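Asks: I have a structure here, written as structure tokens, and I will follow up with some questions on it.
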Amino acid sequence: MAQLLDGKAVSAAVREEIALEVAECKRRGVTPGLAVILVGDDPASRVYVNNKRKACLALGMLSEEYALAADTTQEELMRLVASLNEREDIHGILCQLPLPRHLDEQAVIHAIRPDKDVDAFHPFNVGSLCIGDPGFLPCTPAGVMELLRRGGIDPAGKRAVVIGRSNIVGKPMALLLLAANATVTVCHSRTRELAAICREADILVAAVGRPKFVTADMVKPGAVVIDVGMDRDENGKLCGDVDFAAVEPVASAITPVPGGVGPMTITMLMKNTLTAAKATLKD
Ligand code: NAP
């Protein structure tokens, strides 16, 4: 049976550590504060924003939410970001994506001050990650690395294959694995002979967005399989990009969905907010 990489348990352990550090920050006069901007009424985004708020409050952090109407203008949004950039009590700012189509996401990402960019989407933070001098780590890939670390899996010298090249998951995932000394291949929709490439992986990360895309014949016996996907199966039930029932007997370690990578993402967001707040502490 494969080792189950339990994101709920790891997330709870990391949050306990964060809570202790939040308490220490508060003792020194700084309450870590996160501002979350939500534009429009996308139900999935609303759930994510609620979960971020709950996580903040549970850790003793300040949580501020800005729920803006779907017809908010670019100027209004940029003004809000500019005012949050100036606030001393707000250490992290994030704008829940995707934004309504009339708004320019990139402009908003660029407008968030890099030292408050707790999602690590700003080009400054992306570039820092690229050159191996990261400030904030992108939350989902950082959550995967934490799961590997606490699961006793060292990527050094291993062959890692990442399926997916999005800016949010695939690309930064590949960079973090590279920084951990894995030999990394990134696959995407134009990759030829995908299954054969995947079968070479000691660590296979699926970030595709297609239910049960990774089947047992794509996995080398004994591989570590990380499932970032949050998809719906034919019955509307939450599932991942990996066919868990078929792949689990082949893998040496695997993340479930739900309860794998998902819980780690918000935890790493909390960690970034704490890091941002700690940077403002006076000696
Ligand atoms: P995305 O932006 O849609 O990117 C999907 C990637 O998969 C693209 O690079 C695409 O290739 C590639 N792809 C699509 N079909 C493929 C195929 N047939 N063969 C090989 N590659 C293929 O999605 P994302 O934002 O990275 O998210 C990926 C999944 O992770 C989704 O299920 C999402 O819900 C989930 N997710 C989970 C968390 C979490 O906290 N657990 C966080 C973020 C995302 P091209 O570039 O060529 O189009």
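Values in this text are rule-based calculations from the coordinates and carry no lab data. All values derive from a computational prediction rather than experimental measurement. Every residue, glycine as well, gets a Cβ built from its backbone with ideal geometry; the counts of neighbours run over all protein chains shown.
Asks: From the list Ala82, Ala69, Ala55, exactly one residue is surrounded by 16 or more Cβ atoms within 10 Å (Cβ to Cβ) and in contact (Cβ under 8 Å) with a residue 12 or more places away in the chain. Which is it? Step through it out loud before you land on a result.
Replies: Values: Ala82 fails: surrounded by 16 or more Cβ atoms within 10 Å (Cβ to Cβ); Ala69 fails: surrounded by 16 or more Cβ atoms within 10 Å (Cβ to Cβ).
The unique qualifying residue is Ala55.
Asks: A further question follows. Does any residue in the range 258-282 that is over 19 Å from Met173 (Cβ atoms) and in a helix (DSSP H, G or I) come within less than 6 Å, Cβ to Cβ, of a residue that is of a type in the set (Phe, Trp, Tyr) and within 16 Å of the ligand (Cβ to nearest atom) six or more places away or on a different chain, and which pairs are these?
Replies: Once the first residue is over 19 Å from Met173 (Cβ atoms) and in a helix (DSSP H, G or I) and sits in the range 258-282, no partner that is of a type in the set (Phe, Trp, Tyr) and within 16 Å of the ligand (Cβ to nearest atom) comes close enough.
Asks: If we scan the range 103-111, do we find a residue that is touching a helix residue (DSSP H, G or I) at 6+ places or on another chain (Cβ under 7 Å), free of Cβ contacts under 8 Å to residues at least 40 places away in the same chain, over 25 Å from Ala44 (Cα atoms) and part of a loop (DSSP other than H, G, I, E, B)?
Replies: There is no residue in the range 103-111 that is touching a helix residue (DSSP H, G or I) at 6+ places or on another chain (Cβ under 7 Å), free of Cβ contacts under 8 Å to residues at least 40 places away in the same chain, over 25 Å from Ala44 (Cα atoms) and part of a loop (DSSP other than H, G, I, E, B).
Residues checked against (1) more than 8 Å from the ligand (Cβ to nearest atom); (2) more than 19 Å from the chain's Cα centre (by Cα); (3) in a helix (DSSP H, G or I):
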site: Val162; (1), (2), (3): yes, no, no
site: Asn167; (1), (2), (3): no, no, no
site: Leu176; (1), (2), (3): yes, no, yes
site: Val186; (1), (2), (3): yes, no, no
site: Arg192; (1), (2), (3): yes, yes, no
site: Glu200; (1), (2), (3): yes, yes, no
site: Asp217; (1), (2), (3): yes, yes, yes
site: Gly222; (1), (2), (3): yes, yes, no
site: Ile226; (1), (2), (3): yes, no, no
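Asks: Further question on the same structure: Can you tell me which residues in the range 246-263 are within 15 Å of the ligand (Cβ to nearest atom) and of a type outside the set (Ser, Thr, Tyr)?
Replies: So the first thing to find is which residues in the range 246-263 are within 15 Å of the ligand (Cβ to nearest atom), and the list is 254-263.
Listed by number, the residues that qualify are Ile254, Pro256, Val257, Pro258, Gly259, Gly260, Val261, Gly262, Pro263.
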